[in-house]
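Working notes, beginning with the structure itself.
We did not get these values from a lab; they are worked out from the coordinates using the rules stated. The structure displayed is predicted, hence computed values, not measured ones. Heads up, the Cβs are rebuilt from the backbone with ideal geometry, glycines too, and the neighbour counts pull from every protein chain shown.
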Amino acid sequence: MTGSSLPRYLLAAYVLLIAYASLYPLSGWHAHGASPFAFVAAPWPRWITGFDIAANLFGYLPFGMLCVLSLRPALAARRALALAVLGGMLLSLALEATQSYLPARVASNVDLLTNAGGALLGAVAGLLAAPWLLGSGPFRRLRAHAFVA
């Protein structure tokens, strides 16, 4: 299996999409004097909806998958899985902390956990799909048919 740059480009675009969705409406920034990481040790939110959990899981699932597909040709499966989950957690932590400066957004430790869970699910899916997608799958056939070697 050789590496393709397509998963890396898609991953970069998806990270920008996650950042935009997490920080929308991108206005009203203000410093509140508290630590931006205070949400990590805060008690569980009073209201947790199934929609929020599902949105976070499914929002970070493609991140985990694209991360593994970007790393897999060069790294062993376990290492790619670990880096994808760690990357999802760090991205979520950074964006949740940044949300604390937006009055229209609420940083949440539940969001952090469900985002990491979504990255994990996506990473596992990426590991299972990598041989087919990157090896003998449709992208490889399309590339071989459309371009000269």
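General observations
- Computed from the Cα positions only, the extents of the chain along the three principal axes stand at 57, 28, 25 Å, in decreasing order.
- Folded to 0 to 90 degrees: helix 50-71 orientation relative to the chain principal axis, Cα: 40 degrees
- Three-way shape label, region 84-149, alpha-carbon gyration tensor, a/c 1.5: prolate
- Positive minus negative residues near Gly137 (Lys, Arg vs Asp, Glu; Cβ under 15 Å): +4
- GNM result for the chain, Cα springs below 10 Å: residue of Trp47, Trp132, Trp29 fluctuating most strongly: Trp47
- Extent along the principal axes, Cα only, for region 1-73: 48, 27, 21 Å, with the longest axis given first.
- Degrees separating the helix 77-99 axis from the principal Cα axis of the chain, which is the longest one: 30 degrees
- Per-peptide average of other Cβ atoms within 10 Å, ordering 101-108, 18-25, 68-75 highest first: 68-75, 101-108, 18-25
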